[in-house]
Amino acid sequence: MIFVTIGCQEPFERLISAMDEIAPAIKIPIVCQTFPGGKPIKNMQVLGFIPAQEFNSYLRDSDLIVAHAGMGTIISSLVLQRQIVVLPRLKKYGETRNDHQLATAIKMEELKLVHVAYNEVELKSKILEALQKHKELDCKIGTIASQSLLYSMKEFIEMQ
Amino acid sequence: MLRLSQGCQSENKTIMKIIAIASAGGHWIQLLRLMPAFDGHEVIFMSTNPSFKDTISDHEFLCVPDGNRWNKFKLILLALNIGRKVIRIKPDIIITTGAAPGLFAIVFGKLIGSKTLWLDSIANVEKVSLSGKIAVFFADKVHTQWKSLANSKITYAGNVLS
């Protein structure tokens, strides 16, 4: 199952439409978490806004996650050791207020943590590429922050 | 403040009352990754999604309204809501990973003498967020998660990825 998510803040029609179009060619079930009110979706199972625990279950049960380039989704996917393909929201399409998602995607790709489709045309090939890779990532991340940051926080909290 | 002697440690440790606050989404996910630093202290979590209560059931959770700088009315409601909570709770420490709710918590915390820390989101890879830059004027500490963005006022101490 591929789980598509667009985060909890704004719609992301460009990703949803593109995924609906390529879904028949992907040939595995796709579950899509999106905002209501967009174009009718024909080829994917649709979820509206779901509680956090249910959201995590879908991430866990998926073979691949396709998402906007939000850090929350990226980190959650990596912790569960799921491959993730991101399509960054872009300011020029009114999908976000600045291009920080593009910068995030570039950096995360550099760190080999995500696959990036820089436009919707690249989505299908990136998805197929990610599906072919082993389910486990080469680069795993743990469940907590780096030791240096945690130590710094603890020192800040406990310093009298 | 309560002083407890920790059975296996030789020194007494003061239990701090911490407000840990973040907007839903990436900010919240990053906040949760800081939890080991809060061990042994009283933590009250705050965020904008009520369903998060189920993900941190060992701690108190308070829901706050969402708001950002593009909706002034919602921002005012958010400020009032956060202000009331901070003044009522009187935390020793406020830790936030952003965004607007965290900034208001820091401002009100400063007014009542709390120690405050802003951790700028790891998503801000090219520059520190506007809220982070504003936090510099109020918070005791402002961290960026990218070494290249550190300066005399914004420090780098690591990031939320391990």
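Throughout, read-outs are computed from the coordinates displayed, never taken from laboratory work. From a predicted model like this one, the values you see are computed outputs, not experimental measurements. Cβ: placed from backbone, ideal geometry, glycine included. Neighbour counts: every protein chain shown.
Mind checking the mean number of beta-carbon atoms from other chains within 10 Å of the Cβ atoms in B:121-133? The partial results should precede the final answer.
Details: counts 4, 7, 13, 5, 10, 8, 3, 0, 2, 1, 0, 0, 0.
Going residue by residue through B:121-133 and averaging, the value is 4.
Could you compute how fast the stretch A:32-160 diffuses translationally, taking Rh as the Kirkwood radius over C-alpha pairs and applying Stokes-Einstein at 10 °C with viscosity 1.306 mPa s? Give it in µm² per second. If you can, show how the numbers build up before the last one.
On the way: Rh = 16.4 Å.
In µm²/s, the coefficient rounds to 97.
Once Rh is set to the Kirkwood radius over Cα pairs, what Stokes-Einstein translational diffusion coefficient, in µm²/s, holds for the protein assembly as shown at a temperature of 4 °C and a viscosity of 1.567 mPa s? Could you put the intermediate results ahead of the total?
Numbers: Rh = 20.5 Å.
Rounded, D is 63 µm²/s.
With n ≥ 4 as the cut-off for DSSP H runs, can you work out [θ] at 222 nm for chain B, using -39500 (n - 2.57) per run divided by the number of residues, rounded to the nearest 500?
Numbers: 4 runs with 44 residues, N = 162.
It comes out at -8000 deg cm²/dmol, rounded to the nearest 500.
Provide the percentage of antiparallel DSSP beta bridges, counting only those with both residues in chain B; round to the nearest 5.
Values: 3 of 25 bridges.
Given both bridge residues lie in chain B, the antiparallel proportion sits at roughly 10 percent.
If packing is taken as the average count of other Cβ atoms within 10 Å, what order do B:138-148, A:26-36 fall into, highest mean first? Can you show the working numbers first?
Numbers: B:138-148: 19.4, A:26-36: 16.5.
Top to bottom by mean Cβ count within 10 Å: B:138-148, A:26-36.
Write down the percent of antiparallel bridges among all DSSP beta bridges whose residues are both part of the protein assembly as shown, to the nearest 5.
Given both bridge residues lie in the protein assembly as shown, the antiparallel proportion sits at roughly 5 percent.
Under the Karplus relation 6.51 cos²θ - 1.76 cosθ + 1.60, θ = phi - 60°, what is the ordered set of whole-Hz ³J(HN,Hα) values for the stretch A:13-30, x standing for Gly and Pro?
4, 4, 5, 5, 4, 4, 5, 4, 5, 8, 3, x, 7, 7, 6, 10, x, 10
Report, as a whole number in µm² per second, the diffusion coefficient that Stokes-Einstein gives for chain B at 37 °C and 0.692 mPa s using the Kirkwood radius over alpha carbon pairs. Let's see the in-between values first.
Values: Rh = 16.1 Å.
After rounding, the answer is 204 µm²/s.
Long-range amide H contacts for A:Val46: which residues qualify at under 5 Å (H placed 1.01 Å from N, peptide plane, sequence gap of 5 or more or a different chain)?
When sequence neighbours closer than 5 places are left aside, the close amide H contacts are A:Cys32.
Arranged from highest to lowest average of other beta-carbon atoms within 10 Å per residue, in what order do the peptides B:103-116, B:32-45 appear?
With the highest mean Cβ count within 10 Å placed first, the list reads B:103-116, B:32-45.
Measuring from label point to label point, each 7 Å out along Cα→Cβ, what is the A:Val46 to A:Glu110 span in nm?
In this crude label model, A:Val46 to A:Glu110 measures out at 3.9 nm.
Can you compute 3J(HN,Hα) from phi for each residue in the stretch B:62-74, using the Karplus curve 6.51 cos²θ - 1.76 cosθ + 1.60 with θ = phi - 60°, rounded to whole Hz and x for Gly and Pro?
10, 8, 10, x, 8, x, 8, 6, 8, 9, 5, 5, 5
For B:Lys13, which lysines qualify as cross-link partners when the Cα separation must be under 18 Å and same-chain residues fewer than eight apart are set aside?
A:Lys154, B:Lys115
Within straight cross-link reach of A:Lys39, meaning Cα distance under 23 Å, which lysines are found once same-chain residues fewer than 8 apart are removed?
Reachable lysines: A:Lys27, A:Lys91, A:Lys92, A:Lys124.
In whole Hz, what ³J(HN,Hα) sequence does the stretch B:30-44 give by Karplus (6.51, -1.76, 1.60; θ = phi - 60°), x for Gly and Pro?
Taking θ as phi minus 60°, the curve returns 5, 4, 4, 6, 8, 3, x, 6, 8, 3, x, 10, 8, 10, 10 Hz for the stretch B:30-44.
Whole-Å semi-axes of the stretch B:50-139's equivalent ellipsoid, largest first, each the root of 5 times a Cα gyration tensor eigenvalue?
Working: eigenvalues 76, 53, 46 Å².
Over the Cα atoms of the stretch B:50-139, the semi-axes work out to 19, 16, 15 Å.
Place a +1 charge on the Cβ of each Lys and Arg in the protein assembly as shown and a -1 charge on the Cβ of each Asp and Glu, then give the dipole magnitude about the Cα centre in debye, rounded to the nearest 20.
Working: 37 positive and 29 negative charges, 166 e Å.
Dipole of the protein assembly as shown, to the nearest 20 debye: 800 debye.
Among B:Gly113, A:Val46, B:Ser148, which residue has its Cα positioned farthest towards the positive end of the charge dipole of the protein assembly as shown, with +1 placed on the Cβ of Lys and Arg, -1 on the Cβ of Asp and Glu, and the dipole taken about the Cα centre?
B:Gly113
Using the basic label-point model (7 angstrom from Cα toward the beta carbon), what is the A:Asp63 to B:Trp70 distance in nanometres?
Between A:Asp63 and B:Trp70, the simple spin-label model gives 3.7 nm.
Around B:Lys127, under 10 Å between beta carbons, what's the net of Lys plus Arg minus Asp minus Glu among the other residues?
Numbers: positive: B:Lys133; negative: B:Asp120, B:Glu126.
It works out to a net charge of -1.
Amide H neighbours of A:Val66 under 5 Å, at least 5 residues apart or on other chains, H built in the peptide plane: list them.
Placed amide hydrogens put A:Phe3, A:Val4, A:Thr5, A:Val85 under 5 Å from A:Val66.
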